[in-house]
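Below: the structure, in structure tokens.
Laboratory data are not the source of any read-out in this text; all were calculated from the coordinates shown. It should be emphasised that the depicted structure is a prediction, and the values quoted were computed from it without experimental measurement. Virtual Cβ from ideal backbone geometry, glycine too; neighbours counted across all protein chains shown.
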Amino acid sequence: MLAFGFGFVPDEDQFDDEVDSTYVNLVTDTGIRVWGSATDPLSRHDPLPPSPKARVEALRAAAREIEQQCAPGEVPHHVRPGVINIDDDLATTQRPAEVIAREFALAVNAERTMRADPDTFLEMIVQLSPDLARQMRDTYIPRTLAGRSDVHIIRTIAETGQPIALGGPPGSGKTTLVREALGDELIIVPCSTATTWPDLVGLHQPVPGDEGPFKWIDGPLWRAMEQGRPLLLDDAGALHQGVQTALHPALDTRRSIDVIDRPGTQHLQAADGFTLILTFNPGNGPGLSEPVRNRMALVIEVPTDFATAHQLEVPTVVIDVAEALKRRADADRADGLDRWVPSLRELLAVRDLATAVDVEFAAEALVSKAPTLADREETLALFRRRFGDRFAAGGALVSGATHQSVPSTW
């Protein structure tokens, strides 16, 4: 059983290692809430929903509530939340709350708790439960950045209103990460080289069924700033440099925009809660301008994560080939070559095909997705090393590729 929370000694005259003097506030992965004195705690059991997604969200909400109660400025401001693993047998007694509280207090006083945030707590729950991991294979699995959950980092920085950029190949999980971190409040705008400034701030548009004058419709950037909501400009690296320049006041400390064509109010100061998140694919479009990058509080690289692919049950043989392609791409990048590496999105599609048909068919489908003949031949050769020369012999899905040998180190 995992428990997330914090413990503290409220009276400075007491010894820190006395369990009798320790207070706790925690939640377990089974939905047991425990708070108060470690020797005589209060508790309740919140039954968890049967749906894996709903179960995780319920635990996340409980953990976030506890984290907020441990925030700087609150009474025990010096304590940080942590996680411990409690023996399930200890928690099956007639008085489980007292046992859990005491074990947590002992761990806190002995400094045996692992510092964690709510998303790390949820990640540990999923990792320690193969059944839950299997049931949640289509949900986002947080990754670790500098010892912290990527979801927690995005959420924490967004709450300050500072802008964030995420770069990485298509399908690596950038958009999914932001959606997971910011939830239903998030406004998402798919960007392209054709996206204009009026597309973002608003323009006059015809009203269906009305032959009168066009009506002004506010764009997503104006709405997000006015309503205090996070805005994701997806693939912002494709935006024309002029559009990126127009974003500068919204990205820096001014947090404002001016729209001279708008009827009525033309100057807008962002409400609390507004933040801008930009994603970009290196090599696709103009890329983020240097002034835009300079205004980012954080630029995160989101590569294809093969550990996540393992957790999401992508066939091992497919991950092995993808990792070999990644090593080749890294080696070729030094020579200025841009080589294809399957994205996490493509690997998950292979997983689903393997479930529906079989692994070899799914692997052949992956070969067919390689963008160039050279990439297809390399990928085909890697799979033939694993499946044998019979692999894709019919050529139904793989066009143009021939049998190639590859270095044994790949």
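Classify segment 220-276 from the C-alpha gyration tensor, please: rounded if a/c falls under 1.5, else prolate or oblate depending on whether a/b exceeds b/c. Please list the in-between numbers first.
Details: a/c = 1.71, a/b = 1.22, b/c = 1.41.
Because a/c hits 1.5 or more and a/b fails to exceed b/c, segment 220-276 counts as oblate.
Cut-off 10 angstrom, C-alpha nodes, Gaussian network model of the chain. Which of Leu337, Leu251, Leu182 fluctuates the most?
In this elastic network of the chain, the residue with the biggest mean-square fluctuation among Leu337, Leu251, Leu182 is Leu337.
Determine the calculated [θ] at 222 nm for the chain from helices alone, applying -39500 (n - 2.57) to every DSSP H run no shorter than 4 residues and normalising by the residue count; nearest 500 deg cm²/dmol. Mind showing how you got there, number by number?
Values: 16 runs with 159 residues, N = 410.
That comes out to -11500 deg cm²/dmol.
Taking only C-alpha pairs under 8 Å that are 6+ residues apart, what is the relative contact order of the chain in percent? Don't skip to the end; give the middle numbers.
Working: 695 pairs, mean separation 48.6, N = 410.
After rounding, I find 12 percent.
Can you sort Val357, Val178 so the residue with the fewest Cβ neighbours within 10 Å comes first?
Sorted ascending by nearby Cβ count, the order is Val357, Val178.
Using label points projected 7 Å from each Cα along Cα→Cβ, tell me how many nm separate Trp216 and Glu111, to one decimal.
In this crude spin-label approximation the distance works out to 6.1 nm.
Checking the a/c ratio against 1.5 first, then a/b against b/c, what shape does the Cα gyration tensor give for segment 257-390? It would help to have the intermediate numbers written out before the result.
Values: a/c = 3.00, a/b = 2.22, b/c = 1.35.
In terms of gyration-tensor shape, prolate.
Quick one: if the Förster radius is 60 Å, what FRET efficiency do Phe361 and Asp261 give, using the C-beta to C-beta distance and rounding to 0.05? Walk me through the numbers on the way to the answer.
On the way: r = 54 Å, r/R0 = 0.90.
The formula returns an efficiency of 0.65 here.
Any chance you could run the full-extension gain for Asp46 through Arg60? It's 0.36 nm times the residue separation minus the Cα-Cα distance, nm to one decimal. All intermediate terms of the calculation are to be shown ahead of the outcome.
Values: separation 14, 0.36 × 14 = 5.04 nm, distance 1.30 nm.
Difference between extended and current length: 3.7 nm.
Taking θ as phi - 60°, what are the ³J(HN,Hα) couplings along segment 382-387 by the Karplus curve (6.51, -1.76, 1.60), each to the nearest whole Hz, with x for Gly and Pro?
5, 5, 5, 5, 9, 9
For segment 147-301, rounded, prolate or oblate, judged on the Cα gyration tensor with a ≥ b ≥ c (square roots of eigenvalues), a/c < 1.5 rounded, else prolate if a/b > b/c? All intermediate terms of the calculation are to be shown ahead of the outcome.
Values: a/c = 1.77, a/b = 1.56, b/c = 1.13.
Prolate.
Mind telling me which of Asp320, Asp88, Asp218 comes out most flexible in a GNM of the chain, alpha-carbon contacts under 10 Å?
Asp88
Determine the dipole magnitude for segment 241-399: charges of +1 sit on the beta-carbon of Lys and Arg, -1 on that of Asp and Glu, nothing else is charged, the reference point is the Cα centre, and the result goes in debye to the nearest 20.
Working: 18 positive and 23 negative charges, 31 e Å.
The dipole magnitude comes to about 160 debye.
Full-extension gain between Asn284 and Arg95, please, as 0.36 nm times their residue separation minus the C-alpha to C-alpha distance. Kindly include the intermediate steps, with their values, before the conclusion.
Values: separation 189, 0.36 × 189 = 68.04 nm, distance 5.95 nm.
Here the answer is 62.1 nm.
For the residue pair Gln68 and Thr193, what label-to-label distance in nm results when each label sits 7 Å from Cα along the Cα-to-beta-carbon direction?
A separation of 4.6 nm, rounded to one decimal place.
Read phi for every residue in segment 375-380 and hand back ³J(HN,Hα) as whole Hz from Karplus 6.51 cos²θ - 1.76 cosθ + 1.60, θ = phi - 60°, with x for Gly and Pro.
With coefficients 6.51, -1.76 and 1.60, one gets 5, 5, 5, 5, 5, 4 Hz.
Please report the Cα spread of the chain along all three principal axes, rounded to whole Å, starting with the longest.
73, 69, 46
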